[in-house]
1. Using θ = phi - 60° and the Karplus relation 6.51 cos²θ - 1.76 cosθ + 1.60, list the HN-Hα couplings for the stretch 100-106 in order, rounded to whole Hz, with x at every Gly or Pro.
2. Relative contact order for the stretch 1-131 using alpha-carbon pairs under 8 Å, separation at least 6, rounded to a whole percent?
3. Run lengths n ≥ 4 of DSSP H only: what is the helix-derived mean residue ellipticity at 222 nm for the chain, with -39500 (n - 2.57) per run over all residues, to the nearest 500?
4. At 7 Å along Cα-to-Cβ for each site, give me the label-to-label distance between Q58 and K103 in nm.
5. Once you compute Rg and the Kirkwood Rh from C-alpha atoms, what is the Rg to Rh ratio for the chain?
6. Around Y35, which amide H atoms from residues at least 5 apart in sequence, or from another chain, sit under 5 Å from its own amide H, with H modelled in the peptide plane?
7. Quick one: 3J(HN,Hα) in Hz for the stretch 51-56, Karplus 6.51/-1.76/1.60 with θ = phi - 60°, rounded, Gly and Pro as x.
8. Long-range amide H contacts for L106: which residues qualify at under 5 Å (H placed 1.01 Å from N, peptide plane, sequence gap of 5 or more or a different chain)?
Amino acid sequence: MEMTPNPPLICTHGQFKLASLLLLDKLAASGTLIYYSGDFDPEGLSMAERLLLRYPGQAKAWHYTLEDYQLSRSDQVLSPQRLKQLDRVSSPELAPPKEKLLKTGLAGYQEGILSDLWCDVKQSMQGFNTSSV
């Protein structure tokens, strides 16, 4: 983070709270495109689904590809009860990782793709003067 001051990131620390949703509402109302990245588990995909539905056309699942899942995959076995939560995830954009999760039963964690996420942030910040932000 020291290499790119003031990156355009929001951390909600788990499930969305009212304050984070109000902030995201204001960003969406201003025309901001919202990228969501989280874990490859039922809760992470459900959070992505929630944003995709709440901000149609303005929210994008960020690094939710099968390749990203493979890079983030852990040995953490998901219980059948947790996997059942994926029944509520219906966005076409999330279908490939959802199906892979159901097939493997193994969670993937965002920490496994942090370098890729950070490369995207640095690339998006090129040309911006972040010292005045």
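1. Per residue, the Karplus-derived 3J(HN,Hα) values read 5, 4, 4, 6, 8, x, 10 Hz.
2. 30 percent
3. Values: 6 runs with 59 residues, N = 133.
That comes out to -13000 deg cm²/dmol.
4. 3.5 nm
5. For the chain, the value is 0.98.
6. Sorted by chain and number, the residues that satisfy this are K60.
7. 5, 4, 6, 6, 10, x
8. L78
Bear in mind these aren't lab numbers, they're just calculated from the coordinates by the rules spelled out. Model, not experiment: these values are computed from the prediction. Backbone-built Cβ (ideal geometry, glycine too); neighbour counts: all protein chains shown.
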